[in-house]
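Enquirer: Let me begin by handing over the structure; questions about it come next.
Bear in mind that the values in this text are calculations on the coordinates, not laboratory data. On a predicted model such as this, the values are computed, not experimentally measured, just so you know. Heads up, the Cβs are rebuilt from the backbone with ideal geometry, glycines too, and the neighbour counts pull from every protein chain shown.
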Amino acid sequence: MSDDRERRVGHHADPRPPTDLFRSGRPDRFMLGLARLAARLEPLTARLRPGHPPPKPTGDLPVRVVRTERPSPDVAVLTLAPVAPETTLPAWQPGHHVDVVLDGGVVRQYSLNGDPSDRSRYRIAVRRIEGGLGSGLAHGLREGDVLGLRGPRNAFPFARAERYLFVAGGIGITPILPMVVAAHAAGLPYRLVYTGRSRSGMPFLDELPEGPDVFVRPDDEYGPPKAADLTRGLEPGTPVYVCGPAPLIAAVGALVPTGTPFYSERFSPPPVVDGRPFEIRLGRSGPVLPVEAHETALDVLLRVRPGTPYSCRQGFCGTCRVGLVEGEPEHRDRPTGGAPRDGGFTPCVSRAGEGERIVLDL
Amino acid sequence: MNTDPAPVTTDEPDRLVLRARDVHFDWSALDLHWIPDEPFATHVINVLHLLLPEGERWFVEVFKQAVPHITDHELREQVLGFIGQEAVHAEAHAGVLDHMDAHGLDPRPYVEQIAWLFRVVLGDRDLSGAREFAWLRTRLAVIAGIEHYTAVLGQWVLDAKRLDEVGTDPTMLDLLRWHGAEEVEHRSVAYDLYMHVDGGYARRALAMGVAAFALASLWVRGVRFLVVNDPYLRGRIDGVRPKASWALRDGRRGLIPHLGRLARAIPEYLRRRYHPSHHGSTAQAVAYLAVSPAARAAEAAEREAAR
């Protein structure tokens, strides 16, 4: 079947116009007509002027750290305000995050967590991860420090519903808190289950709405959580919003039945696993670039050619795939729908053996 | 389950991050006429499976060429997300073509025409310099026009309750609604990209005119092709050759998009103050993606890989 399929949908176009759909043999007149139309319109549209001159590059939004708090030793809560006075920050909704540009161009994403109606400041919370570069830099920030912001963007859409179940684990409360506050303010029925190791390590306890809808569930009081405890009483159709450690999200997701909406924040692509250093060459006579064990060939390509197209960074969409000229690659892609690889190399995930060199058609 | 209509909202989810979902569908149990006893409506929608793989691969190629011309960080991110979503759409629909073949309906003659149209007629045309860039902008304008249609169709299929009522194959309905939801989710990207690199009204209007004419013609040709080559129909449905009026009839019945809605899309798009975000509901798209079996499975697999 795969040969057949390749011939049908993956073939390279034959420059001759295709034959008629019904009386095979003759060129198709409608298709020839479309080709003539395109050939006439192309020179005509080449004379049309753009509606505006090329746009200038936009930079990051400079903000200043105006307040730092430590609700627990490993959590830093930062309040950020625009450097330029009288500036309004872009509007946001619960679930939005910003890209924070830290020292040395390190970019990390943090959920917004303050009051969406206050356009003069943003608030983010950062948990310190042992050995984590971004969280270490963020914890080193002091009042008065200036950094760049991009966004806000939304990878965790909060859609209006009639009722909600929120599940937060530890620092996962950050995007959930504004959702809970919004549901509470709108008078919508909801339930929040907030888990963590102990109360002292669970931020924003004092900002949660009071009432029977909020269940704070530290492990040192209730024991380690079971997913079934967290979703107890879930009525079919009630949207479930989860944020926290990956195992928590997976466990809750597995219990949410089909037909009941399930929302979780989508993670950034996974880091390189089992990588060995190798080399890529851009064309037979082009430059040779080393790829370190912890990075992908795409990371290296983007450094030298920032306009390189890519998309999923997980090896399924095929956007970054390039021709392979020479070398023995270690294919780690899994083209979606089993599409043929066509002698290509997918730099977002595929690699080569230690010290090997592969030549890409670039 | 509560079946009251959702409350009217003004708070549409905004500024969505677009990310492709690696969806998988199993067509082994699909009937050739997957809207039961409605071969005409089935084939009207089947034309999408013939058009979209080549069309969306072409979107991807053209957009990849546009990426170096983008000077706005956020737009670049949106465009990169759009490209991945379109690439997966193309392969998902291509999977249905294999299924048609297995039922004795060989889609090749039609698909080869579409491949030639997108790869040769709308391909790179051996141009250089300013003219090459102008041809890129013209093709971006064509894509922006087509994307208005895909958003209209996406919204239609999210709303099309009738398809559930008549027992449409649930896997096919999930494919169509997952695709429709992603089209609604990313409906502003092609227009925003065109406005970023060009923004001229004449090019955008001309491109929409050509795109609407070509789409309409290709759709009619596609339905004829499928009905004639369907081994169970051989050109006739209930002993009669299909009539144009059936498209209006099935549109009114809610089995296919209504022609009036498709026609209205043109003046809508030609308004000077048009913006895709004024049409369609992101909230509805996002809500479908939160229940779609294929999207849920894709996101669960992604989480598993990230652990």
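Enquirer: Enumerate the calculated ³J(HN,Hα) couplings along segment B:219-235 in order (Karplus 6.51 cos²θ - 1.76 cosθ + 1.60, θ = phi - 60°), each rounded to whole Hz, writing x wherever the residue is Gly or Pro.
Expert: Each residue of segment B:219-235 in turn: 5, 4, 4, x, 5, 4, 4, 5, 5, 5, 8, 5, x, 8, 9, 6, x Hz.
Enquirer: Restricting the count to DSSP beta bridges whose residues both fall in the protein assembly as shown, what percent are antiparallel, rounded to a multiple of 5?
Expert: For the protein assembly as shown, the DSSP antiparallel bridge percentage is about 65.
Enquirer: Let me ask another. Return the average number of partner chain Cβ atoms within 10 angstrom of each residue Cβ along peptide A:300-313.
Expert: 5
Enquirer: If amide H atoms are built 1.01 Å from N in the plane of the peptide, which residues on other chains or at least 5 residues away come under 5 Å of the amide H of A:GLU356?
Expert: Here A:GLU279 satisfy the definition.
Enquirer: Please figure out what share of the DSSP beta bridges in chain A is antiparallel and state it in percent, rounded to the nearest 5.
Expert: Close to 65 percent.
Enquirer: Only Cα pairs under 8 Å and at least 6 apart count here; give the relative contact order of chain A as a rounded whole percent.
Expert: Across chain A, relative contact order equals 11 percent.
Enquirer: Computed from the mean reciprocal separation of all distinct C-alpha pairs, what Kirkwood hydrodynamic radius does segment A:61-154 have, in Å?
Expert: Over segment A:61-154, the inverse of the mean reciprocal pair distance is 13.2 Å.
Enquirer: Let me ask you something else. Across 5 Å bins from 0, what is the distribution of all Cα-Cα pair distances for segment B:1-139, in whole percents?
Expert: Cα pair-distance distribution for segment B:1-139, in percent: 2, 8, 13, 15, 14, 14, 13, 10, 7, 3, 1, 0, 0.
Enquirer: Still on this structure: Roughly speaking, what is the stretch gain from B:LEU127 to B:SER277, that is 0.36 nm per residue apart minus the C-alpha to C-alpha distance, in nm to one decimal?
Expert: Separation in residues times 0.36 nm, less the Cα-Cα distance, equals 50.6 nm.
Enquirer: Continuing with this model, one more query. What 222 nm value per residue comes from the helices of the protein assembly as shown, counting each DSSP H run with n ≥ 4 as -39,500 (n - 2.57) and dividing by all residues, nearest 500 deg cm²/dmol?
Expert: Helices in the protein assembly as shown give a 222 nm mean residue ellipticity of -13000 deg cm²/dmol.
Enquirer: Per chain A: cysteines with no other Cys C-beta under 4.7 angstrom?
Expert: A:CYS243, A:CYS320, A:CYS348
Enquirer: Please list, in chain and number order, the residues 5+ apart from A:VAL167 or on another chain whose amide H is under 5 Å from its amide H, with Hs placed from the backbone.
Expert: HN-HN under 5 Å from A:VAL167: A:VAL193, A:TYR241, A:VAL242, A:CYS243.
Enquirer: Just rank B:ASP98, A:ASP60, fewest to most, by other beta-carbon atoms within 10 angstrom.
Expert: A:ASP60, B:ASP98
Enquirer: Same structure again: Quick one: in chain A, what % of C-alpha pairs are over 27 Å apart?
Expert: Considering chain A, 63 percent of its Cα-Cα pairs are separated by more than 27 Å.
Enquirer: May I ask you to derive the relative contact order of segment A:61-154, considering only C-alpha pairs under 8 Å and at least 6 residues apart, and to give it as an integer percent?
Expert: 38
Enquirer: Over the C-alpha atoms of the protein assembly as shown, what are the Rg and the largest Cα-to-Cα span, Dmax, in Å?
Expert: Values for the protein assembly as shown (Cα only, Rg and Dmax): 26.0, 80 Å.
Enquirer: Determine ³J(HN,Hα), in whole Hz, for all residues of segment B:165-173 in sequence, where each value follows from phi through the Karplus function 6.51 cos²θ - 1.76 cosθ + 1.60 and θ = phi - 60°; x replaces Gly and Pro.
Expert: 5, 8, x, 4, 3, x, 5, 5, 5
Enquirer: Residue by residue through segment B:62-69, what is 3J(HN,Hα) from phi via Karplus (6.51 cos²θ - 1.76 cosθ + 1.60, θ = phi - 60°)? Round to whole Hz and write x for glycine and proline.
Expert: Karplus-based 3J(HN,Hα) across segment B:62-69 equals 5, 5, 4, 5, 7, 3, x, 8 Hz.
Enquirer: Which whole-number percent is the relative contact order of segment B:176-261 (Cα, under 8 Å, 6+ apart)?
Expert: 9
Enquirer: Here is a follow-up. Can you tell me the mean projection area, over all orientations, of the convex hull of segment A:164-264's alpha carbons? Units nm², please.
Expert: The orientation-averaged projected area of the Cα hull of segment A:164-264 comes to 5.9 nm².
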